[in-house]
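Single-structure report; data block below.
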């Protein structure tokens, strides 16, 4: 078949019409897609406006229990309740409102959360096969402080996905508001941020001191030991002095650092000499912490260690000078008379007392 015949028998009657139809279809689909997206955006904005008008009225208004229910039912009749988009918008707005509106009765948030069956929406996320949605469900329950979800969330604490496990742990502590001694059973390590979060939850929720706090310090999980040391300081657990002092020999430098800090913060003065004996074996970070703690629990006998250290040290000179001043200001004043570097350090401390 020659070229002209191919063009006349195949290209013109078949291929060109097919390409033309395909091109027109693609253009039509692009326009339809753009139109659909624009329509969805308009509906989303309209829905968002309705929710943003409804929530402040409900949350800030002076309604009786019956009046609140009537207003909720009225709003239900104005929106499409059973759409994923509506439930997500409403939960997002509730969370934002709870964070920004102070002094509003928590019961009102829960009333809206349950009345629109948003708790079931979040439960569906928890039961999803996908980790992302499980974390989303936990987040929603946690932010809404929906305590009945604690039991369901608890089983994810031992999940093999560490991020999901960590999120579940924090959410469970917040929602259950129980003795956190169960943490001693945690086998895996979590991040530094989770240590701080657990401590903050104990402060915010005013949780009681864990009954098994000493067991935290005996744990084989370094994360739990670090949490235990932070809690020991917060709960002023000076009765655990002997166990805390043993932690300065821990294999993990981060644990030792927190142990030195705890000894200083709890003013356990009998451990100052033992900290000094560890100084030369320690990391730079831990040497700094030892000096900081000596500034709190050291006495004049410890100046025999700190003064020569200041004169020969090229690390943490400011911290050492502050520790000496904290123990005996006159000693630092005498040192600055004979040493220009100490004089400069003293001036810096005096000019910047908050450093």
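The values are calculated or read from the model by the stated rules, or taken from the named source; none is laboratory data. Worth saying up front: this structure is predicted, and the values here are computed from it rather than measured. Virtual Cβ from ideal backbone geometry, glycine too; neighbours counted across all protein chains shown.
Taking helices (runs of 4 or more DSSP H) that do not extend beyond the range 241-355, which have at least 3 residues that are in the same structural domain as residue 230 (by TED's automatic domain parsing) and either farther than 27 Å from residue 228 by Cβ or touching a residue at least 24 places away in the same chain (Cβ under 8 Å) (or both)?
Counting at least 3 such residues, we get 241-246, 253-265.
Is it true that some residue in the range 194-204 is surrounded by 15 or more Cβ atoms within 10 Å (Cβ to Cβ), over 12 Å from residue 169 (Cβ atoms) and in contact (Cβ under 8 Å) with a residue 24 or more places away in the chain?
Within the range 194-204, one or more residues are surrounded by 15 or more Cβ atoms within 10 Å (Cβ to Cβ), over 12 Å from residue 169 (Cβ atoms) and in contact (Cβ under 8 Å) with a residue 24 or more places away in the chain.
Among the residues of the range 233-251, how many are crowded, with 18+ Cβ neighbours inside 10 Å and over 25 Å from residue 203 (Cα atoms)?
Number of matching residues: 2.
Restricting attention to the range 200-220, which residues are more than 15 Å from residue 236 (Cα to Cα) and not in a helix (DSSP H, G or I)?
Listed by number, the residues that qualify are 205, 219, 220.
Out of curiosity, is residue 102 under 28 Å from the mean Cα position of the chain (by Cα) and over 24 Å from residue 123 (Cα atoms)?
yes
Taking only the range 105-122 into account, find how many residues are surrounded by fewer than 17 Cβ atoms within 10 Å (Cβ to Cβ) and under 24 Å from the mean Cα position of the chain (by Cα).
Adding up the residues that qualify gives 1.
Based on what the data block shows, is residue 299 surrounded by 19 or more Cβ atoms within 10 Å (Cβ to Cβ) and farther than 23 Å from residue 351 by Cβ? Please lay out each step first, then the result.
Details: surrounded by 19 or more Cβ atoms within 10 Å (Cβ to Cβ): no; farther than 23 Å from residue 351 by Cβ: yes.
Against the criterion (surrounded by 19 or more Cβ atoms within 10 Å (Cβ to Cβ) and farther than 23 Å from residue 351 by Cβ), residue 299 does not qualify.
Please work out which one of (1) within 21 Å of residue 264 (Cα to Cα); (2) in contact with a helix residue (DSSP H, G or I) (Cβ under 7 Å, 6 or more places away or on another chain) is the condition residue 329 fails and give its number.
(2)
Mind checking which residues of the range 94-108 are closer than 14 Å to residue 58 by Cβ and part of a loop (DSSP other than H, G, I, E, B)?
Restricting attention to the range 94-108, the residues satisfying the condition of being closer than 14 Å to residue 58 by Cβ are 94, 97-98, 101, 104-108.
Scanning the range 94-108 gives 101, 104, 105.
Go through the range 160-177 and count every residue that is assigned to a loop (DSSP other than H, G, I, E, B) and free of Cβ contacts under 8 Å to residues at least 24 places away in the same chain.
The qualifying residues number 1.
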